[in-house]
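Undergrad: Dropping a structure here in structure tokens format, bear with me for questions.
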Amino acid sequence: MIPRIAPLDESHFDALCGVLDAVAREKRFLALTQAPPMDEALAFLRNIVDHDHPHFVALLDERVVGWCDILPAFGDARRHLGVLGIGLAAEARHRGLGALLMRATI
């Protein structure tokens, strides 16, 4: 499998929602226990792209298997802060993709 890290774009949205749901349902790594409804997830991802927030996806043979992002913290007093999020599908772990995602995003 050939790994690649790419900036998030709309062509990744559906697959990324599936990966998010799979990682969330593991109930180990995320505050979510399942992905939000598709319309909410798509609006969230479009907002990231529209505002050019750092968000990259990990691809194995061009299939989305993970993500890393830095999103603004809530509140004007915390405008200088960002929250880093990262997730990888179970089959994509322990391959160095997390480190590649973090380097690209940061």
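The values are calculated or read from the model by the stated rules, or taken from the named source; none is laboratory data. Keep in mind that this is a model prediction, so the values were computed, not measured. All Cβ positions, even for glycine, are placed from backbone atoms using ideal geometry, and neighbour counts span all protein chains on display. Side chains included, ligands, DNA and RNA excluded: accessible areas come from the protein's heavy atoms. Shrake-Rupley method; radii C 1.70, N 1.55, O 1.52, S 1.80 Å.
Undergrad: Do we find that A41 is assigned to a helix (DSSP H, G or I), more than 10 Å from the chain's Cα centre (by Cα) and over 17 Å from R93 (Cα atoms) in this structure? Give the derivation first.
TA: Details: assigned to a helix (DSSP H, G or I): yes; more than 10 Å from the chain's Cα centre (by Cα): yes; over 17 Å from R93 (Cα atoms): yes.
So A41 fits the description; yes.
Undergrad: Against the condition assigned to a helix (DSSP H, G or I), more than 20 Å from L84 (Cα to Cα) and either free of Cβ contacts under 8 Å to residues at least 60 places away in the same chain or open to solvent by 50 Å² or more (accessible area, probe 1.4 Å) (or both), how does A22 come out, does it pass? Step through it out loud before you land on a result.
TA: Details: assigned to a helix (DSSP H, G or I): yes; more than 20 Å from L84 (Cα to Cα): no; either free of Cβ contacts under 8 Å to residues at least 60 places away in the same chain or open to solvent by 50 Å² or more (accessible area, probe 1.4 Å) (or both): yes.
Answer is no for this residue.
Undergrad: Something else now. Which one of these does E10 not meet: (1) free of Cβ contacts under 8 Å to residues at least 60 places away in the same chain; (2) within 16 Å of G85 (Cα to Cα)?
TA: Going through (1) free of Cβ contacts under 8 Å to residues at least 60 places away in the same chain; (2) within 16 Å of G85 (Cα to Cα) one by one, E10 breaks only (2).
The rows are residues; the columns are (1) open to solvent by 10 Å² or more (accessible area, probe 1.4 Å); (2) part of a loop (DSSP other than H, G, I, E, B); (3) touching a strand residue (DSSP E or B) at 6+ places or on another chain (Cβ under 8 Å).
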{"site": "H53", "(1), (2), (3)": "yes, yes, yes"}
{"site": "V57", "(1), (2), (3)": "no, no, yes"}
{"site": "G66", "(1), (2), (3)": "no, no, yes"}
{"site": "L71", "(1), (2), (3)": "yes, no, yes"}
{"site": "F74", "(1), (2), (3)": "yes, yes, no"}
{"site": "A77", "(1), (2), (3)": "yes, no, no"}
{"site": "L84", "(1), (2), (3)": "yes, no, yes"}
{"site": "L101", "(1), (2), (3)": "no, no, yes"}
{"site": "A104", "(1), (2), (3)": "yes, no, yes"}
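Undergrad: Please go through the range 25-51 and give me each residue that is touching a residue at least 40 places away in the same chain (Cβ under 8 Å), open to solvent by less than 80 Å² (accessible area, probe 1.4 Å) and touching a helix residue (DSSP H, G or I) at 6+ places or on another chain (Cβ under 8 Å), ordered by number.
TA: Quick first cut of the range 25-51, residues touching a residue at least 40 places away in the same chain (Cβ under 8 Å) only: 26, 29-30, 48-49.
Applying the additional criterion that residues be open to solvent by less than 80 Å² (accessible area, probe 1.4 Å) yields 26, 30, 48-49.
E26, L30, V49, listed by residue number.
Undergrad: Would you check if A89 is small (G, A, S), open to solvent by less than 50 Å² (accessible area, probe 1.4 Å) and over 13 Å from the mean Cα position of the chain (by Cα)? Working first, answer last.
TA: Values: small (G, A, S): yes; open to solvent by less than 50 Å² (accessible area, probe 1.4 Å): yes; over 13 Å from the mean Cα position of the chain (by Cα): no.
Taking the combined requirement at face value, the residue does not satisfy it.
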